[in-house]
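A.B. asks: My structure is below; once you've seen it, I'll send some questions.
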Amino acid sequence: MRALVERMGYTEPVVDYALDALFGALDARTLRSTIAGELGSLDALDGFVARPGRPDVAYRGVERVAIVSSDTTIGVALPSLAYALCAGSSAIVKDRNDRLIASFARTLAEERPELGSRVRADVWDGSDDALSRWHLERADTVVAFGRSEALRAIRAHLRADARFVAYGHRTSIGYVERDALASDALAREAARGIARDALLYDGDGCLSLHAAFVERGGALDPAAFARLVSSACDETAFEFPAAYDADAALTAYGRAAAFRAAQGAGAFCGGSVAPHAVALDPPAAEPPPFVRRLIALYSVDAPDEALAFVRGHAVPLEAVAFASFEPRADALAFAVASGASRIATLGSLQTPPFGGEHGGVGRILPFVRAIYRG
């Protein structure tokens with residue numbers, strides 16, 4: 001806990017929440033159902049199973065897996081590591097200075113020595129080409145998290161036949177239908193969800209919400225909803241305190257947004273308890289402002305406006321969150337067309353299910369090879 005707080009800069013309540021969410025989702029039922037869903041049967045890992053209309057198949061884990069963690073997300077390597085072990089592979093994980101994965105590997109070795117012996121967690125400098133090459137060239141499957149330049153450098157070290165699962169830089173957004181603004185209670189619930197998704201990890205990681213689209217025509221207009229979001233951010237600050245004062249980028253953007261609001265363009269709300277800002281209707285000709293603890297809200301009449309914005313700015317999306325688990329058909333169609341790999345409810349973005357296809361990629365499939373009989 002102390003090491004994570006020191007490395008990430010988050011406060012203890014935030015790190016505590018992250019660890020509970022991460023390890024609480026790791027259970028046998030989820031692992032079994034996910035594997036069976038992707039391979040057709042859990043038994044396919046132990047022998048041949050029949051498939052209707054296709055040859056019998058068995059799956060075997062690749063021999064060696066390398067996983068390169070990102071700097072910004074706590075325990076991001078854990079799901080890939082868990083499924084690689086279920087496949088029967090051995091894994092080398094590029095850990096971070098907090099040594100979270102190394103600690104997990106030690107505990108695993110104590111509880112299940114046959115699994116712990118197949119995990120190695122190490123910290124190495126990506127600028128050390130010789131060491132990086134030694135770890136990466138031997139791997140049959142490489143999973144890596146990072147920005148485009150880092151992923152290109154990793155790819156250059158791989159064997160020609162190695163599988164490369166790259167999780168690049170992405171972001172998440174929200175969409176608030178007018179039905180979610182039909183009452184003060186519903187609107188406050190949506191606002192609290194946006195605040196949690198945006199502020200929990202200070203905007204770090206692909207599941208942090210940076211922008212949301214708010215439909216006009218509800219009982220509550222977008223300007224009133226923006227004020228609710230700002231109040232919800234203050235409430236969230238009590239549960240998950242901010243780790244730092246407002247940085248220069250947030251301050252500068254806030255001044256510009258306040259000036260635009262004074263000229264009648266949009267609205268702006270600043271934080272009373274902790275540093276945050278909510279900007280309503282920033283310039284649509286500009287991409288979302290990816291500034292820590294800043295939430296951009298865009299007023300729209302229908303989902304097609306949101307889709308045009310996302311496509312026009314080529315916003316790489318991981319998830320789209322709605323106030324309701326079952327959004328309208330046109331809103332759902334927008335989320336599917338947006339390129340996102342996950343559709344969620346507001347407030348749940350930061351707790352993805354362990355069995356979900358993060359980045360649109362299967363969980364165990366990257367770590368197995370199929371053997372068919374026929």
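The values are calculated or read from the model by the stated rules, or taken from the named source; none is laboratory data. No experiment lies behind these values; they were computed from the predicted model shown. All Cβ positions, even for glycine, are placed from backbone atoms using ideal geometry, and neighbour counts span all protein chains on display.
A.B. asks: Just the residues that are under 23 Å from Leu186 (Cβ atoms), among the charged types (D, E, K, R) and modelled with pLDDT under 95, please, taken from the range 282-329.
C.D. replies: If the condition is that a residue be under 23 Å from Leu186 (Cβ atoms), among the charged types (D, E, K, R) and modelled with pLDDT under 95, then Glu326 is the only one that fits.
A.B. asks: Further, regarding this structure: Cβ contacts < 6 Å: first residue within 14 Å of Val291 (Cα to Cα), restricted to the range 192-219; second residue acidic (Asp, Glu) and crowded, with 23+ Cβ neighbours inside 10 Å, any location; separation 6+ or different chain. Result?
C.D. replies: Once the first residue is within 14 Å of Val291 (Cα to Cα) and sits in the range 192-219, its partners that are acidic (Asp, Glu) and crowded, with 23+ Cβ neighbours inside 10 Å give Cys206/Glu318; Leu209/Asp197.
A.B. asks: With Ala102, Ala109, Ala87 as the choices, which residue is modelled with pLDDT of 90 or more, of a type in the set (A, V, I, L, M), surrounded by 13 or more Cβ atoms within 10 Å (Cβ to Cβ) and under 25 Å from Ser33 (Cβ atoms)?
C.D. replies: Testing whether each residue is modelled with pLDDT of 90 or more, of a type in the set (A, V, I, L, M), surrounded by 13 or more Cβ atoms within 10 Å (Cβ to Cβ) and under 25 Å from Ser33 (Cβ atoms) leaves just Ala87.
A.B. asks: Something else about it: Any idea which of Asp301, Asp281 is buried (at least 17 other Cβ atoms within 10 Å of the Cβ) and of a type outside the set (Phe, Trp, Tyr)?
C.D. replies: Answer to the selection: Asp281.
A.B. asks: Right, here's the next one. Restricting the search to the range 282-331, which residues are among the aliphatic types (A, V, I, L, M), part of a helix (DSSP H, G or I), in contact (Cβ under 8 Å) with a residue 12 or more places away in the chain and over 23 Å from Asp202 (Cα atoms)?
C.D. replies: Ala306, Leu307, Ala331
A.B. asks: Condition (residue is at pLDDT 90 or above, crowded, with 17+ Cβ neighbours inside 10 Å, under 28 Å from Gly359 (Cβ atoms) and hydrophobic (A, V, I, L, M, F, W, C)) applied to the range 176-186: is it met by at least one residue?
C.D. replies: Yes, that holds for at least one residue.
Yes or no, residue by residue, for (1) closer than 30 Å to Leu349 by Cα; (2) touching a residue at least 12 places away in the same chain (Cβ under 8 Å):
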site: Leu39; (1), (2): yes, yes
site: Leu42; (1), (2): yes, no
site: Ala50; (1), (2): no, no
site: Asp56; (1), (2): no, yes
site: Arg64; (1), (2): no, yes
site: Ile74; (1), (2): yes, yes
site: Gly88; (1), (2): no, yes
site: Arg112; (1), (2): no, no
site: Asp140; (1), (2): no, yes
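A.B. asks: Count, please, the residues in the range 22-41 that happen to be buried (at least 16 other Cβ atoms within 10 Å of the Cβ) and either outside the structural domain of Val123 (by TED's automatic domain parsing) or not in a loop (DSSP other than H, G, I, E, B) (or both).
C.D. replies: Number of matching residues: 7.
A.B. asks: Let me ask something additional. Ala77: closer than 24 Å to Ala162 by Cα and touching a helix residue (DSSP H, G or I) at 6+ places or on another chain (Cβ under 6 Å), yes or no?
C.D. replies: When the stated conditions are applied, Ala77 passes them.
A.B. asks: Hey, among Ala242, Ala257, Ala232, Ala274, which residue is surrounded by 19 or more Cβ atoms within 10 Å (Cβ to Cβ), in contact with a Gly (Cβ under 9 Å, 6 or more places away or on another chain) and farther than 25 Å from His169 by Cβ?
C.D. replies: Testing whether each residue is surrounded by 19 or more Cβ atoms within 10 Å (Cβ to Cβ), in contact with a Gly (Cβ under 9 Å, 6 or more places away or on another chain) and farther than 25 Å from His169 by Cβ leaves just Ala232.
A.B. asks: Going residue by residue through the range 248-261, is there one that turns out to be of a type in the set (Ser, Thr, Tyr), more than 27 Å from Arg147 (Cβ to Cβ) and either assigned to a helix (DSSP H, G or I) or touching a Phe, Trp or Tyr at 6+ places or on another chain (Cβ under 6 Å) (or both)?
C.D. replies: no
A.B. asks: Do any strands (runs of 3 or more DSSP E) entirely within the range 124-216 hold 1 or more residues that are closer than 22 Å to Leu228 by Cβ and in contact with a helix residue (DSSP H, G or I) (Cβ under 9 Å, 6 or more places away or on another chain), and if so, which?
C.D. replies: Because the criterion is at least 1 residues that are closer than 22 Å to Leu228 by Cβ and in contact with a helix residue (DSSP H, G or I) (Cβ under 9 Å, 6 or more places away or on another chain), the strands (runs of 3 or more DSSP E) in the range 124-216 that meet it are 171-176, 209-215.
A.B. asks: Of the residues Ala36, Ala50, Ala66, which single one is modelled with pLDDT of 95 or more, more than 29 Å from Arg170 (Cα to Cα) and not β-branched (Val, Ile, Thr)?
C.D. replies: None of the others qualify; the one that does is Ala50.
A.B. asks: One residue is enough: does the range 31-51 have a residue meeting the conditions more than 24 Å from Ala87 (Cα to Cα) and out of contact with any helix residue (DSSP H, G or I) (no Cβ under 6 Å at 6 or more places or on another chain)?
C.D. replies: Looking through the range 31-51, none of the residues is more than 24 Å from Ala87 (Cα to Cα) and out of contact with any helix residue (DSSP H, G or I) (no Cβ under 6 Å at 6 or more places or on another chain).
A.B. asks: Continuing with this model, one more query. Does any residue of the range 342-363 turn out to be among the hydrophobic types (A, V, I, L, M, F, W, C), over 30 Å from Ala187 (Cβ atoms), assigned to a strand (DSSP E or B) and touching a strand residue (DSSP E or B) at 6+ places or on another chain (Cβ under 7 Å)?
C.D. replies: The answer is no, given that none of the residues of the range 342-363 is among the hydrophobic types (A, V, I, L, M, F, W, C), over 30 Å from Ala187 (Cβ atoms), assigned to a strand (DSSP E or B) and touching a strand residue (DSSP E or B) at 6+ places or on another chain (Cβ under 7 Å).
A.B. asks: Would it be correct to say that Gly266 is crowded, with 17+ Cβ neighbours inside 10 Å, at positive phi and of a type outside the set (Asp, Glu)?
C.D. replies: yes
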